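Presented below is the structure to which this report refers.
The values are calculated or read from the model by the stated rules, or taken from the named source; none is laboratory data. The structure presented is a predicted model; accordingly, all values stated were derived computationally and were not measured. Neighbour counts run over all protein chains shown; Cβ positions are idealised from the backbone, glycine included. For accessibility, only protein heavy atoms count, side chains too; no ligands or nucleic acids. Shrake-Rupley method; radii C 1.70, N 1.55, O 1.52, S 1.80 Å.
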Amino acid sequence: MNRTIRARTHESAVKRVTRIYAATLADIFAETFQNSRRAGATRVRIAVSGSSGTPDAGEPSFTVTVCDDGAGIADPAVLLSFGENGWDDATVRREDAAGFGFASLARRNCAVSSRPRSPDCQVLPGWRVELEPLHFLGEAEAEVEAHDEAPYPYGTSISFQATECAAAIRNAAENAARHYPLPVVFEDRTDSDATAEELPRRAFLDGAVHAERWRGLVFGVFSSRRTSYREPDLNFFGLTLTVSLPTVETVHGAAWTVLADVDDCPALELVLPARKEAVENAFLEEMREAARLAVYRAMAADPNPRPAFEDWMRAREAGIEMAPPPAVLRPWRPSVAEADFWRDPPTLAPVGAGALVMDCDPEPPEAQALWRAAERDGFAPRLFEADRRLEGYDWYDGLDRAAAVDVLAAAGGEWMDIDDWPLPERARPGAARLPSRPEAIRIELTVRPAAGPSATLDIPADVAFAGEAWSHLDDALPLVATDSAIQPHQLAVLLRTAFFSPSDDVEADSWETQRDRFDEDALHLATRLLLNDDEACRQSIAEAVRRELMWFVPGDRAVDIRIRRPEVTVILGAAAEAAP
């Protein structure tokens, strides 16, 4: 038994080298571009030649050539010596060059031609080698030949086969060149009219409102920049990846984001070989905290930063002073039963004396009843939405809170919780139930002041909803006080906001149809409750005629319809005479 062991690479690992990369165009361009930059190139050229496909095969076949004017490759053996990179010690230290990037071509046939740069500026001989997957797997030796047409006076050219369409090749090249520090020239030789053009580039931190250096990185801070999920936020010399730098959300203001550009950062470790993610280590956590502080410094320079209390305190502990947000909140609005219902949020308003923060979340039926009562009583302007991000600021913590909502109804001079209101019997299966009308209704708000005991605030109401929230209209129990002046159509609107929740099942009717049916049923229920069954029946029949039969009726004639089951009699009136 050996007394010591040492790390080694088993020869079977070479048999799996084609699995190191997916061999996508993105992988190949990213790796070849990085090698060109490290070799000291001043520009990169991409040329695409071949055909867009044959009538028989229908599959495109292109040759893509990536050429640079870098230092070239002195020893071709380094191409197939995985883990050996040939870069100087300074480059390896700065960038953790691993020597695996060329394996991105392992699944494609490729040809490499290079002419190394001479230290004394003499032109050296060039060489060329053709490689197939079996060469990468160590199953055959590749023959290196002298090549007079190698890049002159020095540089490297790599050609490989691509079956992707021409548009996909160009798109991958544009993506790789977008934040690359060197100019990239693209030439489409499959089109006789096409000319070589430099691909567009943009600085990774373009548009930043604040920039600062930190340990070999440059942070750029942005205000209200559009972002997407897992969007790259680190640029490694043109290779972009996601390291989850922080976003600082403000209170009713901009969202601040930060990007990082690598300059000379040896402490940043990327997962090898593809470098598509960063190693989760202590440096990465320090980097995220430093990025957050960079955001705070940018916010401190803004005249109206509106930081959440947590961010305000973290910045202050780091010695960064930010202005706290003003004493404004969004006025409270009741929730509705339709989950996808969109409405613009109310405009921010200053909180004054008597302001009450809704520190509870009543269900839609209860919320709609409270809002109607508060509007009728002139109490609505005092209600504001709670905002947990402001907890800690003195002005916010000093506001009174509405901690609970209770609804009571009176019958026979006795008050009871509406949950205890007697349930009526159904007139017939499937029909909506008509609850008895209470003598009076009131809503009790439990108010918790900043200091002292809780108190109860009574708000007179004329409408409430008993029964379960999120139920069907047939199970809704609208309670309307006997002295209420509410009209059937007004109650129908309240029923819609409190109970209408359309189905998104594939077999369900459209949203418009579901809404129209609900409105008809809600108006029928409201009319029965507030007027009588006959009036509700009349309105329902009239609405059905308008919806289903109106388009049959001639525009210039009156139609009388008489129904006595099972017979229907239709009388067409005379056509109206044209006006002289």
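Of all residues in region 34-54, those that are closer than 14 Å to residue 190 by Cα and open to solvent by less than 20 Å² (accessible area, probe 1.4 Å) have Cβ atoms under 6 Å from Cβ atoms of residues that are assigned to a strand (DSSP E or B) and at pLDDT 90 or above, 6 or more apart or on another chain, in 46/66; 46/186; 47/65; 47/187; 48/62; 48/64; 48/188.
For region 553-570, the criterion of being surrounded by fewer than 16 Cβ atoms within 10 Å (Cβ to Cβ), in a loop (DSSP other than H, G, I, E, B) and under 48 Å from the mean Cα position of the chain (by Cα) is met by none of the residues. In region 438-501, counting only strands (runs of 3 or more DSSP E) that sit wholly within it, the ones holding 1 or more residues that are at pLDDT 90 or above, surrounded by fewer than 19 Cβ atoms within 10 Å (Cβ to Cβ) and touching a Lys or Arg at 6+ places or on another chain (Cβ under 8 Å) span 440-448, 455-461. Let me confirm something: among 277, 249, which residue is open to solvent by 20 Å² or more (accessible area, probe 1.4 Å) and either touching a residue at least 40 places away in the same chain (Cβ under 8 Å) or among the β-branched types (Val, Ile, Thr) (or both)? Of the residues listed, the single one that is open to solvent by 20 Å² or more (accessible area, probe 1.4 Å) and either touching a residue at least 40 places away in the same chain (Cβ under 8 Å) or among the β-branched types (Val, Ile, Thr) (or both) is 249. Can we say residue 308 is farther than 30 Å from residue 35 by Cβ and either out of contact with any Leu (no Cβ under 7 Å at 6 or more places or on another chain) or crowded, with 19+ Cβ neighbours inside 10 Å (or both)? So residue 308 fits the description; yes. For region 180-213, a tally of residues being under 21 Å from residue 63 (Cβ atoms) and assigned to a loop (DSSP other than H, G, I, E, B) returns 9.
Examine region 530-543 for a residue that is touching a helix residue (DSSP H, G or I) at 6+ places or on another chain (Cβ under 9 Å), surrounded by 12 or more Cβ atoms within 10 Å (Cβ to Cβ), in a helix (DSSP H, G or I) and of a type in the set (Lys, Arg), and state whether such a residue exists.
The initial filter retains those residues of region 530-543 that are touching a helix residue (DSSP H, G or I) at 6+ places or on another chain (Cβ under 9 Å), namely 530-531, 533, 535-540, 543.
Narrowing further to those that are surrounded by 12 or more Cβ atoms within 10 Å (Cβ to Cβ): 530-531, 533, 535-540, 543.
Narrowing the set further to residues that are in a helix (DSSP H, G or I) leaves 530, 533, 535-540, 543.
Still in the list and also of a type in the set (Lys, Arg): 538.
Yes, that holds for at least one residue.
Within region 502-529, being surrounded by fewer than 18 Cβ atoms within 10 Å (Cβ to Cβ) and touching a Pro at 6+ places or on another chain (Cβ under 8 Å) holds for 508, 511, 514, 515. The lone criterion from (1) surrounded by fewer than 13 Cβ atoms within 10 Å (Cβ to Cβ); (2) at pLDDT below 80; (3) more than 40 Å from the chain's Cα centre (by Cα) left unmet by residue 15 is number (1). Number of residues in region 125-139 that are of a type in the set (A, V, I, L, M, F, W, C) and open to solvent by 40 Å² or more (accessible area, probe 1.4 Å) equals 1. Take the conditions (1) modelled with pLDDT of 95 or more; (2) not in a helix (DSSP H, G or I); residue 338 misses just one of them, which is (1).
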